[in-house]
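What follows is a single structure, written as structure tokens, with notes after it.
The values are calculated or read from the model by the stated rules, or taken from the named source; none is laboratory data. Note that the coordinates shown come from a computational prediction; the quantities given were computed from them, not determined experimentally. Cβ coordinates were reconstructed from backbone atoms using ideal geometry, including for glycine residues, and neighbour counts include every protein chain displayed. All accessible areas refer to the heavy atoms of the entire protein, side chains included, with ligands and DNA or RNA removed. Shrake-Rupley method; radii C 1.70, N 1.55, O 1.52, S 1.80 Å.
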Amino acid sequence: MSSQIQELEPLTLAKGCTMRLFIDKSKPETSPGYNWSEVLYEANEGDVPLVVPAHWHKDHDEIMEVLEGRILITIDGKEKTVIGGDPPVLIKRGEVHSIAFIKGIRTRATERTIPAGTFKALFFQDLLQNKSLPGFFLTMRVFYDGDCYAALPGGFKVVDWVFVTVMGFLARPFVAGKKMEVKYLE
């Protein structure tokens with residue numbers, strides 16, 4: 001019997017920091033176990049730890065789990081250190097959050113979403129389609145199409161929403177269009 005877990009095309013986030021995306025076809029598409037991303041920060045000399053700036057989501061929750069190493073997660077202004085073996089952290093829709101891997105500490109962490117689906121894999125493949133960190137306009141278009149809102153100073157979510165909506169809409173004619181299908185590992 002062959003494995004029901006399929007790996008999507010891996011993504012490079014920074015030097016020494018990669019993301020692998022998986023889909024488990026044996027699980028219902030509505031299950032948080034249906035798909036997930038796994039980030040590995042190698043922590044070798046010269047590697048760049050992942051830092052995800054403050055943002056929030058309107059339509060989905062995230063479940064973050066550290067498998068090894070340690071990360072800093074800030075949720076609505078409260079910072080906590082999560083280490084391998086700790087229970088998963090639920091980040092509810094609407095909660096402003098940021099994530100930082102720690103320089104020099106090899107870390108592997110997963111992210112799952114509620115509701116489940118391939119939208120998060122499409123989001124990451126879309127954001128990193130140029131094999132490097134995207135420019136401002138592509139980021140805004142991907143955020144606009146992908147349920148991600150930058151948390152701007154002031155803490156007014158309506159301002160965040162308007163900013164991403166306007167900038168994302170304006171960016172659409174100038175950057176690549178939204179990816180519609182996930183790319184599997186060949």
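Which shape class, rounded, prolate or oblate, goes with the chain when its Cα gyration tensor gives a ≥ b ≥ c as root eigenvalues, a/c under 1.5 marks rounded, and past that a/b bigger than b/c marks prolate? Present the calculation step by step, with values, prior to reporting the outcome.
Details: a/c = 1.36, a/b = 1.13, b/c = 1.20.
Since a/c stays below 1.5, the shape of the chain is classed as rounded.
Note down the accessible area of residue 140, probe 1.4 Å, to the nearest 10 Å².
Result for residue 140: roughly 10 Å² accessible.
How large is the accessible surface per residue of the chain, computed with a 1.4 Å probe and reported in Å² as a whole number?
On the way: 9930 Å² over 186 residues.
That works out to 53 Å² for each residue.
With runs of 4+ DSSP H residues as the only contributors, calculate the mean residue ellipticity of the chain at 222 nm using -39,500 (n - 2.57) per run, divided by the residue total and rounded to the nearest 500.
Details: 3 runs with 34 residues, N = 186.
That comes out to -5500 deg cm²/dmol.
Roughly speaking, to the nearest percent, how much of the chain's 1.4 Å accessible area is carbon and sulfur? Could the numbers behind the result be given before it?
Working: 5950 of 9930 Å².
C and S atoms contribute 60 percent here.
Relative contact order of the stretch 80-183, please, whole-number percent, based on alpha carbon pairs below 8 angstrom and at least 6 residues apart.
Values: 65 pairs, mean separation 28.0, N = 104.
Rounded, it is 27 percent for the stretch 80-183.
Beyond a 21 Å Cα-Cα separation, which of these cross-linked pairs lie in this structure: 15/157; 131/178; 58/103?
Values: 15/157 32 Å; 131/178 16 Å; 58/103 30 Å.
Exceeds cut-off: 15/157; 58/103.
So how do 49-59, 23-33 stack up, highest first, on mean other-Cβ count within 10 Å? Numbers along the way, then the final one.
Values: 49-59: 16.2, 23-33: 13.4.
Descending mean neighbour count gives 49-59, 23-33.
Rank these residues by their accessible area, most exposed first, probe 1.4 Å: 13, 152, 170. Write out the running numbers ahead of the final one.
On the way: 13 25, 152 50, 170 95 Å².
Final ranking, largest accessible area leading: 170, 152, 13.
Suppose a student asked you for the relative contact order of the chain, using Cα pairs under 8 Å spaced at least 6 residues apart; what percent would you report? Working shown, then result.
Details: 411 pairs, mean separation 43.5, N = 186.
In percent, rounded to a whole number, it is 23.
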